[in-house]
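The values are calculated or read from the model by the stated rules, or taken from the named source; none is laboratory data. Note that the structure is a prediction, hence the values are computed from the model and not measured. Here the Cβ is made from the backbone with ideal geometry for all residues, glycine too, and neighbour counts use every protein chain on show.
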Amino acid sequence: MSLAALAFAVSLAASVSPDGGQGLSAQAFGDQLTPEQRDQLLEVQTQGLQKLRALGKQAPPAGAKITGMIWPLAPNPGFGSDLTGVSNFVDSNPAFPEQIRDYSCGTRSYDTADGYNHQGTDIFMWPFSWTLMDAGAIDIVAAADGVIVGKRDGSFDRECGFNSNPTNFVFVQHADGTVAWYLHMKNGSTTAKVFGDSVVAGEYLGKIGSSGSSTGPHLHFELHAGDDPRSVVIDPFNGACNSRASGWATQRPYDHSKINRLGTHYQPPSIPRCPQTSDSPNLSKRFSAGSEIVFAAYYADQRINQPSRFRIRRPDGSIQRSWDFSLPQGSDDPTFYAASYWYWTYQIPVGEPAGRWIFEADYQGSTTVHAFEIDPPLNRSNIYWNPEQPGWGLNLQHQGSLLYGTWYSYASDGQVMFLTIEASADIDGSFIGPVYRVRGIPLEQIDGAPAFTEVEAVGTALLQFDETGELTLEYSVDGISQNRRLQPFVFGQAPLSCIGTTLSRTLATNYSDLWWNPAEPGWGLTLSHQGDVMFALWYTYGESGRDQWISAAELRLQPDGSYRGALQRPLTGVPLAEISGAATSFPVPEIGSAELIFIDGENARISYQIGEVAQSKAITRFVVVGEGEALPLCGE
């Protein structure tokens with residue numbers, strides 16, 4: 001090893017200043033209700049309570065004894081961590097301006113010269129709050145059981161400043177008469193429940209947004225004493241400057257110092273300031289040896305004298321680099337940030353091993369881990385077709401050394417059929433394996449048990465790829481041998497590109513893959529996701545258990561994040577052995593509709609209607625290889 005390489009590999013013990021980053025002020029995620037706005041919201045609450053009283057449903061006031069509340073935010077499945085922080089607490093000092101006192105006798109709140117004293121708890125998403133808002137990453141949930149007494153939706157949700165515009169909200173009255181306000185919700189996200197409906201603690205109420213007078217996506221949670229003429233605000237936090245018993249089942253610490261996430265980026269991230277309302281994470285988990293990688297840490301409640309230790313580990317666990325970092329302590333340097341991020345740019349030198357690397361950090365007694373890959377392997381997953389022979393194709397899922405193919409074509413009688421291929425890698429880079437045809441239970445009768453009833457070997461296939469990515473398919477099926485030249489199916493602005501990964505795909509936002517229900521093996525859904533459109537091919541069974549396939553030529557992204565479109569099925573087609581032009585007639589007849597909702601990058605639900613049959617099925621990515629083998633991860 002050269003002296004230069006040896007020096008590079010030595011762990012760094014000294015504190016290393018970041019190459020960039022910043023701390024954000026608490027006002028980056030705040031709000032300011034004008035007296036008129038507060039009066040309007042109080043009127044909604046008052047009228048709601050009066051209506052409940054008239055219906056005999058209103059809970060009696062009981063001196064604001066609320067206890068046992070849960071945190072009013074919950075990450076969606078797949079986001080896997082609490083990507084939030086608190087920017088402001090209740091200001092209990094009625095004087096103004098700059099006369100601030102929070103429950104812990106600190107100054108983590110604000111007031112204004114106009115007489116506004118912050119009356120709630122502001123809980124923000126971090127990092128990349130606008131991206132998280134767009135993804136619906138964080139649910140607003142009921143902090144306690146209660147009844148809905150007010151609700152508004154339909155207001156613009158990308159506000160970035162103080163204004164007089166209306167906010168989206170839900171009000172919930174609890175059993176002791178207190179009322180919780182949930183403000184600034186995302187447009188179109190509020191619960192489907194209506195006035196007078198009951199909710200339980202932890203139940204979905206909406207999504208974080210930035211509607212109304214708001215400087216960024218956050219939840220303003222405000223607790224009121226109910227029937228009081230001016231609806232006295234209750235601070236649910238107990239501390240040195242608030243002797244009231246805590247309203248929380250488990251009160252969070254005043255300083256909840258933590259690393260919300262680590263990230264690897266292909267260029268420094270961009271965190272916007274108002275009036276910009278979109279951020280640029282520039283995240284990546286895949287890099288080539290020798291390229292520059294931006295390693296970033298995103299903190300909540302970061303203070304001075306809280307050192308961090310960072311490490312970059314090779315696939316074998318050895319440390320390739322380490323360094324320390326603490327906030328500077330100059331006389332003009334802030335001592336606290338509610339949200340902050342800092343990054344360092346390094347290269348992983350050429351010659352370092354390919355595979356799964358780890359970027360990790362120790363901070364405040366916890367270790368945060370982020371995985372990334374150096375020189376991940378090429379993956380052949382895609383839909384392949386011949387544009388001069390539309391109406392048939394081959395979908396491949398590349399897992400480890402296996403190519404699993406679902407082949408959509410037509411039988412000798414002209415009816416649709418699907419075949420499957422299980423091809424293993426050969427030493428020359430080709431893949432070879434058997435071809436099967438399957439029978440099963442008719443689509444509408446599949447119900448929680450295996451869908452296939454019979455598997456028949458009908459031939460063999462050899463798959464060879466050239467340097468352009470095109471595929472030569474040589475096969476012998478039912479005694480007939482043929483050779484077909486196929487290319488990736490491109491319908492978006494850019495071709496699909498896939499790599500093999502051993503990392504979790506939970507946060508993946510491209511859903512190209514084969515999806516199935518593990519409790520019902522024998523049917524599945526192949527997706528090619530390009531831009532805002534998905535092309536789907538669904539293999540299942542028709543009358544008498546005969547194999548069939550159904551297509552969805554255009555499942556388009558909807559404002560709520562789902563994908564919807566029509567389902568088609570050819571009436572007849574040209575038998576596989578005879579295809580020399582179009583394999584069926586176009587347009588393909590529509591037979592129904594489908595909707596796909598993705599819970600995360602690994603789990604989804606398909607709902608469909610074909611004729612009088614309507615069903616909804618949970619689906620997940622199909623995995624046939626063992627743990628630790630590379631699986632497809634696609635993008636454009």
* To do: Would you tally the residues in the range 430-450 being within 26 Å of LEU473 (Cβ to Cβ) and not charged (D, E, K, R)?
  => 9
* Asked: Restricted to the range 151-172, and to residues that are hydrophobic (A, V, I, L, M, F, W, C) and either outside any strand (DSSP E or B) or more than 26 Å from the chain's Cα centre (by Cα) (or both), which residue is modelled with the lowest pLDDT?
  -> PHE162
* To do: Looking at (1) surrounded by 23 or more Cβ atoms within 10 Å (Cβ to Cβ); (2) at pLDDT 95 or above; (3) of a type outside the set (S, T, N, Q), find the lone condition where LEU132 falls short.
  => (2)
* To do: Looking only at the range 362-374, decide whether some residue is closer than 30 Å to GLY21 by Cβ, in contact (Cβ under 8 Å) with a residue 12 or more places away in the chain and of a type in the set (Gly, Ala, Ser).
  => yes
* Any chance you could count how many residues in the range 250-272 are part of a strand (DSSP E or B) and either under 20 Å from the mean Cα position of the chain (by Cα) or of a type in the set (Ser, Thr, Tyr) (or both)? => 8
* Taking the condition under 27 Å from ALA144 (Cβ atoms), at pLDDT below 90, surrounded by 18 or more Cβ atoms within 10 Å (Cβ to Cβ) and under 31 Å from the mean Cα position of the chain (by Cα), does ALA26 pass? -> yes
* To do: Output the number of residues of the range 62-74 satisfying the condition of being touching an Asp or Glu at 6+ places or on another chain (Cβ under 6 Å) and at pLDDT below 80.
  => 3
* Asked: Are there any pairs with C-beta distances below 8 angstrom linking a residue in the range 489-517 that is acidic (Asp, Glu) to a residue that is in a loop (DSSP other than H, G, I, E, B), with the two at least 6 apart or on different chains, and if so which?
  -> ASP513/SER381; ASP513/PHE622
* Structure fact -> How many residues of the range 554-574 are touching a Phe, Trp or Tyr at 6+ places or on another chain (Cβ under 7 Å) and within 30 Å of GLU454 (Cβ to Cβ)? The answer is 3
* Asked: Which pairs have Cβ atoms under 9 Å, sit 6 or more apart or on different chains, and link a residue in the range 450-464 that is over 18 Å from ALA577 (Cβ atoms) to one that is modelled with pLDDT under 95 and in a loop (DSSP other than H, G, I, E, B)?
  -> GLN464/ASP428; GLN464/GLY429
* The listed residue being modelled with pLDDT under 95 and either under 30 Å from SER616 (Cβ atoms) or assigned by TED's automatic domain parsing to the domain that holds SER616 (or both), out of ALA423, ALA494 -> ALA494
* Structure fact -> With the first residue restricted to the range 424-439 and required to be under 18 Å from PHE465 (Cβ atoms) and surrounded by 13 or more Cβ atoms within 10 Å (Cβ to Cβ), and the second required to be aromatic (Phe, Trp, Tyr) and at pLDDT 95 or above, Cβ contacts under 6 Å at 6 or more apart or on different chains are ALA425/PHE431
* Asked: If HIS265 passes every condition in (1) buried (at least 18 other Cβ atoms within 10 Å of the Cβ); (2) modelled with pLDDT under 95; (3) closer than 21 Å to VAL350 by Cα but one, which one does it miss?
  -> (2)
* Structure fact -> Filter the range 579-636 for residues that are surrounded by 15 or more Cβ atoms within 10 Å (Cβ to Cβ), charged (D, E, K, R) and in contact (Cβ under 8 Å) with a residue 60 or more places away in the chain; the one that is farthest from TRP523 (Cα to Cα) is ASP600
* **Total residues in the range 373-403, condition more than 15 Å from LEU486 (Cα to Cα), buried (at least 22 other Cβ atoms within 10 Å of the Cβ) and of a type in the set (A, V, I, L, M, F, W, C)** => 1
* **In the range 224-241, the residues that are under 30 Å from GLU159 (Cβ atoms), at pLDDT 95 or above and not aromatic (Phe, Trp, Tyr)** => ASP235, PRO236
* Residue among THR540, THR584, THR572, THR620 that alone is touching a Leu at 6+ places or on another chain (Cβ under 6 Å) and either among the polar types (S, T, N, Q) or on the phi > 0 side of the Ramachandran plot (or both) -> THR540
* Scan the strands (runs of 3 or more DSSP E) fully inside the range 552-636 and keep the ones with 3 or more residues being of a type in the set (A, V, I, L, M) and assigned by TED's automatic domain parsing to the domain that holds ALA449. => 590-598, 603-610, 613-621
* Asked: Say we look at the range 456-474 and pick out the residues that are assigned to a strand (DSSP E or B) and small (Gly, Ala, Ser); which of these is nearest to the chain's Cα centre (by Cα)?
  -> ALA461
* Asked: Which of the residues belonging to the range 482-502 are assigned to a loop (DSSP other than H, G, I, E, B) and of a type in the set (Val, Ile, Thr)?
  -> VAL490, THR502
* To do: Return the only residue of LEU571, LEU567, LEU555 being without any contact (Cβ under 8 Å) to a residue 60 or more places away in the chain and surrounded by fewer than 15 Cβ atoms within 10 Å (Cβ to Cβ).
  => LEU571
* To do: Return the pairs, sorted by first residue and then second, in which the second residue is in a strand (DSSP E or B) and among the aromatic types (Phe, Trp, Tyr), the first residue lies in the range 343-361 and is more than 13 Å from LYS285 (Cα to Cα), the beta carbons are less than 6 Å apart, and the residues are 6+ apart or on different chains.
  => TRP344/PHE295; ALA361/PHE310
* To do: Might you let me know whether the range 596-613 holds any residue that is in contact with a strand residue (DSSP E or B) (Cβ under 7 Å, 6 or more places away or on another chain), of a type in the set (Lys, Arg) and under 20 Å from GLU636 (Cα atoms)?
  => no
* Structure fact -> Scanning the range 440-469 residue by residue, the ones that are farther than 15 Å from ILE421 by Cα and surrounded by 14 or more Cβ atoms within 10 Å (Cβ to Cβ) total 10
